[in-house]
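See structure below.
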Amino acid sequence: MGLLDGKSAVVTGAGHGIGRATALLFAREGARVVVNDVGASRTGEGGEHAAADAVVAEIRAAGGTALASYDSVATPAGAKAIIDAAVRAHGSVDVLVNNAGILRDKTLLKLEPADWQAVLDVHLTGSFLCTQAAAVHMKEQKSGRIVNTTSVSGLLGNFGQSNYAAAKAGIYGLTRTASIELQRYGITVNAVAPIAKTRMTDDLPMFAKIADTLSPEHVAPAHLFLASELCGERTGIVLAVAGARMSVYKVVESAGRFKETDGGIWTAEEIEQHFDAIAKG
């Protein structure tokens with residue numbers, strides 16, 4: 001028995017890199033997989049079927065069950081079509097991994113509005129639309145597991161990635177809120193923050209000498225854990241993966257400091273004077 005035996009799973013952006021590694025692992029663990037990929041370039045231009053088709057062929061050659069989807073996550077119709085494909089073929093959608101993404105890196109002062117919007121459309125809006133479409137079915141099933149993709153860039157910031165970071169930070173907020181709202185329907189919503197060498201990061205100098213230690217295959221098991229019964233009732237967490245290192249991101253608030261005079265209203269000068277105490281802990 002595989003960890004996902006008989007489950008219907010959708011993996012977006014599954015034609016390459018982390019998505020591909022996850023789709024292959026899910027299939028080995030018994031899932032019937034919808035391999036979604038529009039076949040666009042790293043920057044989101046163009047489109048072809050070869051990427052998704054190749055992963056489907058690989059799964060079928062190994063004795064697994066898979067079908068290809070070429071719809072875009074960035075439109076309501078596209079997201080619905082992706083989820084509908086799973087329901088139509090497999091009778092349900094039990095797992096959704098929101099992994100589709102593009103990059104259009106530029107510094108803030110050089111970033112064009114079109115490049116800002118395109119990245120948000122795929123990452124953030126795409127995650128919302130697919131999550132919403134899947135949750136409609138999962139609510140009726142009273143079960144489901146959704147795994148989003150956030151990033152160190154969104155959680156900590158990164159030079160030259162204001163569009164990507166904003167989208168990934170938004171996905172963190174989406175994950176937290178969806179986990180609260182959907183928990184009563186038996187649906188868990190978690191996220192993975194991966195660092196891996198893929199075509200998205202291929203030209204970054206930091207990956208040149210450490211490709212083998214930061215592979216997509218390091219990330220796929222985190223998706224499998226969050227998609228399986230091993231995850232239990234855990235929801236709203238961010239599991240970070242960087243090669244062999246795994247951790248959990250948490251938002252931490254300082255202990256803070258109360259002002260007991262003047263009705264508790266701080267002046268700007270007082271904030272400056274006591275800032276270290278306010279921020280401590």
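Among the candidates Asp276, Asp212, which residue alone is loosely packed, with under 11 Cβ neighbours inside 10 Å, at pLDDT 95 or above and over 20 Å from Tyr164 (Cα atoms)?
Exactly one residue qualifies, and that residue is Asp276.
If Asn158 meets every condition in (1) part of a loop (DSSP other than H, G, I, E, B); (2) at pLDDT 95 or above apart from one, which number is that one?
Only one criterion in (1) part of a loop (DSSP other than H, G, I, E, B); (2) at pLDDT 95 or above is unmet by Asn158, namely (2).
In the list Ala66, Ala14, which residue meets the criterion of being under 17 Å from the mean Cα position of the chain (by Cα), surrounded by 22 or more Cβ atoms within 10 Å (Cβ to Cβ) and of a type outside the set (Asp, Glu)? Even if it seems obvious, please write down each step before you answer.
Details: Ala66 fails: under 17 Å from the mean Cα position of the chain (by Cα).
Within the list Ala66, Ala14, the selection yields Ala14.
Among the listed residues Gly236, Gly281, Gly264, which satisfies the condition of being out of contact with any Leu (no Cβ under 9 Å at 6 or more places or on another chain), at pLDDT 95 or above, on the phi > 0 side of the Ramachandran plot and not assigned by TED's automatic domain parsing to the domain that holds Ser179? Explain how you work it out, then say what you get.
Numbers: Gly236 fails: not assigned by TED's automatic domain parsing to the domain that holds Ser179; Gly281 fails: at pLDDT 95 or above.
The unique qualifying residue is Gly264.
Give Ile171, Ile180, Ile195, Ile187 a once-over and let me know the one that is of a type in the set (A, V, I, L, M, F, W, C), exposed (fewer than 14 other Cβ atoms within 10 Å of the Cβ) and either within 14 Å of the chain's Cα centre (by Cα) or in the same structural domain as Ile102 (by TED's automatic domain parsing) (or both). Break it down into steps so the answer makes sense when it comes.
Working: Ile171 fails: exposed (fewer than 14 other Cβ atoms within 10 Å of the Cβ); Ile195 fails: exposed (fewer than 14 other Cβ atoms within 10 Å of the Cβ); Ile187 fails: exposed (fewer than 14 other Cβ atoms within 10 Å of the Cβ).
After ruling out the rest, the residue left standing is Ile180.
Which of the residues that make up the stretch 33-43 are modelled with pLDDT of 85 or more and surrounded by fewer than 24 Cβ atoms within 10 Å (Cβ to Cβ)?
Hits for the stretch 33-43 are Gly39, Ala40, Ser41.
If I ask for residues that are surrounded by fewer than 17 Cβ atoms within 10 Å (Cβ to Cβ), free of Cβ contacts under 8 Å to residues at least 40 places away in the same chain and farther than 24 Å from Ser8 by Cα, which ones from the stretch 130-168 would you list?
Once the filter is applied, which keeps residues that are surrounded by fewer than 17 Cβ atoms within 10 Å (Cβ to Cβ), free of Cβ contacts under 8 Å to residues at least 40 places away in the same chain and farther than 24 Å from Ser8 by Cα, the stretch 130-168 yields Leu156, Gly157, Asn158.
Is it true that Gly126 is part of a helix (DSSP H, G or I) and either among the aromatic types (Phe, Trp, Tyr) or under 20 Å from the mean Cα position of the chain (by Cα) (or both)? Walk me through it before giving the result.
Details: part of a helix (DSSP H, G or I): yes; either among the aromatic types (Phe, Trp, Tyr) or under 20 Å from the mean Cα position of the chain (by Cα) (or both): yes.
Judged against the criteria, Gly126 is a match.
From the set of residues in the stretch 231-258 that are among the hydrophobic types (A, V, I, L, M, F, W, C) and part of a loop (DSSP other than H, G, I, E, B), which is nearest to Thr213 (Cα to Cα)?
Top of the filtered list is Ala244.
Go through the stretch 1-37 and count every residue that is without any contact (Cβ under 8 Å) to a residue 40 or more places away in the chain and within 29 Å of Gln161 (Cβ to Cβ). Before you say what the answer is, go through the steps one by one.
So the first thing to find is which residues in the stretch 1-37 are without any contact (Cβ under 8 Å) to a residue 40 or more places away in the chain, and the list is 1-2, 5-6, 27-28, 30, 33, 35.
Of the ones still in play, those that are also within 29 Å of Gln161 (Cβ to Cβ) are 35.
Residues that pass the stated criteria total 1.
Do the conditions hold for Ser127, that is, is it in contact with a His (Cβ under 8 Å, 6 or more places away or on another chain), crowded, with 16+ Cβ neighbours inside 10 Å, among the polar types (S, T, N, Q) and touching a residue at least 12 places away in the same chain (Cβ under 8 Å)?
no
Quick check on the stretch 168-198: of everything there that is touching a Phe, Trp or Tyr at 6+ places or on another chain (Cβ under 9 Å) and of a type in the set (Gly, Ala, Ser), which residue is modelled with the lowest pLDDT?
If we take residues in the stretch 168-198 being touching a Phe, Trp or Tyr at 6+ places or on another chain (Cβ under 9 Å) and of a type in the set (Gly, Ala, Ser), then Ala196 is modelled with the lowest pLDDT.
Please give the strands (runs of 3 or more DSSP E) falling wholly within the stretch 1-114 in which 2 or more residues are within 17 Å of Gly144 (Cα to Cα). Walk me through how you get there before you give the answer.
On the way: elements: 8-12, 32-36, 65-69, 95-97.
It comes to 8-12, 32-36, 95-97.
The values are calculated or read from the model by the stated rules, or taken from the named source; none is laboratory data. Just so it is clear, the structure is predicted and the values come from calculations on it, not from any experiment. Every residue, glycine as well, gets a Cβ built from its backbone with ideal geometry; the counts of neighbours run over all protein chains shown.
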